[in-house]
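Encoded as structure tokens, the structure appears first; notes follow it.
The numbers here are math on the coordinates, done by the rules we state, and not lab data. Just so it is clear, the model here is predicted, and its values are computed rather than measured. Positions of Cβ are generated from backbone atoms using ideal geometry, with glycine treated the same way; all protein chains shown enter the neighbour counts.
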Amino acid sequence: MNEIISIKGLTKKYGEKIAVDNLDLIINKGEVFGLLGPNGAGKSTTILMILGLTEPTEGSVFVCGHNSTNEPLLVKGKVGYLPDQVGFYENRTGLENLMFTAALNGKSRKEAREKAISLLEQVGLSYAANQKAGTYSRGMKQRLGLADVLIKDPEVIILDEPTLGIDPKGVQELLDLIRTLSKEQGITVMLSSHQLHQVQQICDRVGLFVNGNLLAEGTVDSLASQLFGEEGHQIKLKATLLTPPIIDEIKLIDGVRRVELDCNELSIWSDKESSLQPILEIIMTKGCRISSISQEHVGLDEIYQRYFEGAGEK
Ligand SMILES: Nc1ncnc2c1ncn2[C@@H]1O[C@H](COP(=O)(O)OP(=O)(O)OP(=O)(O)O)[C@@H](O)[C@H]1O
């Protein structure tokens, strides 16, 4: 089965407040999907409905073919959930904490120990295996949390703001780890974040949530073109001998939406980053001399300014 999470018409109302509004979304096996949105957008509420921890007002969620509302225990068996605040037994070591979770999930003591040791290595915590969890930094706790989730052999992992409060180096390591897990073990990952640049690094696809609505979903590149249309990429180029026939030829290139010539400066808007190469080929074969080129990616920064600024960072 390719569809791992299937959401249809999902709505959650708290009184008059619509936290999630008629959401349709499909997440496929092995994908890393980012739920992106400012505070209060509806990300956590969506996650809770996927996990079967809160009931939708309308609509449905299926995870690995199980209905989250009617079969929450079956869903729980498939999904590992890492909340934004992970709780451990602070007086037990990292290893003991993991072995405890493994035992709760039916593993024998020997199996639990082997698996816990292997996971501690995988998440880069072997050195702290015998250190009390209460002494772990936030980044270490998040990594231990990931190991704790993986010990249940989940098909899907859902991470709520996994990088919150971690220093930049720790963030990078955690993101790399999540990406590796997904790509090497085929685990489907959904993570929520309001950190645009982090999500861009590891997600195959992103859904942009604002006020309970999914404004756009796709790759970060396609988000930019969905939200900004023809202004996804802007190429500016200064060259000699630019003529109307050259401009007509450039307009035919795949992805190119608009071309303007002002004196010897050409502005080209394209929804594809790859348009640059054929543009250069045309200009150079016509004998034009290029004096400057710049390509601006109208994307994350614009999206951030438009949808996130003023929404309040945590
Ligand atoms: N139990 C609740 N009762 C009433 N309103 C709620 C409840 N839970 C969430 N809300 C409201 O629903 C909206 C969506 O909240 P949610 O926590 O899903 O957003 P979020 O995108 O996860 O935000 P954050 O990034 O701050 O965690 C918010 O306006 C919030 O105040």
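3J(HN,Hα) along the stretch 180-193: 4, 4, 5, 6, 7, 10, x, 7, 7, 10, 10, 10, 9, 6 Hz, from the Karplus curve 6.51 cos²θ - 1.76 cosθ + 1.60 with θ = phi - 60°, whole Hz, x for Gly and Pro. Test of understanding: in a Gaussian network model of the chain with alpha carbons linked when under 10 Å, which of D148, D254, D262 would top the mean-square fluctuation ranking? Among D148, D254, D262, the largest GNM mean-square fluctuation belongs to D262.
GNM on the chain, alpha-carbon springs under 10 angstrom: the most fluctuating residue among G106, G94, G52 is G106. Remark: the stretch 233-297 carries a charge dipole of roughly 140 debye about the Cα centre, counting +1 on each Lys and Arg Cβ and -1 on each Asp and Glu Cβ. Only one residue of L174, A102, I5 has its Cα farthest out toward the positive end of the dipole of the chain, where Lys and Arg carry +1 and Asp and Glu -1 on Cβ, and that residue is A102. Let me make sure I get this right: for the stretch 89-135, a, b and c are the square roots of the gyration tensor eigenvalues over alpha carbons, sorted descending. Under 1.5 in a/c it's rounded, otherwise prolate if a/b > b/c, else oblate. Which is it? Note, shape of the stretch 89-135 comes out oblate.
Rounded to the nearest 20 Debye, what is the dipole magnitude of the stretch 89-135 about its Cα centre when Lys and Arg each give +1 and Asp and Glu each give -1 at the C-beta?
Values: 7 positive and 5 negative charges, 31 e Å.
It comes to approximately 140 debye.
A straight Cα-to-Cα reach below 16 Å connects K236 with the aspartates and glutamates E260, D262, E265, D271, E273, E281, E296, residues fewer than 8 places away in its own chain not being considered.
Pairs of Lys residues in the stretch 130-230 are counted when their Cα atoms are under 20 angstrom apart and they lie 8 or more places apart or on different chains; the count is 4.
With only Lys, Arg, Asp and Glu charged, each at its Cβ (+1 for the first two, -1 for the last two), find how big the charge dipole of the chain is about the Cα centre; round to the nearest 20 debye. Present the calculation step by step, with values, prior to reporting the outcome.
On the way: 33 positive and 42 negative charges, 221 e Å.
With Lys and Arg at +1 and Asp and Glu at -1, about 1060 debye.
Taken along the Cα-to-beta-carbon direction at a fixed 7 Å, the label points for Y127 and S267 span 5.2 nm. Across T135, T163, T69, mean-square fluctuation computed from a Gaussian network of the chain (C-alpha pairs under 10 Å connected) peaks at T135. The loop-placed chymotrypsin sites (Phe, Trp or Tyr not before Pro) in the stretch 1-97, going by DSSP, that have at most 14 neighbouring Cβ atoms within 10 Å of their Cβ come out as Y89.
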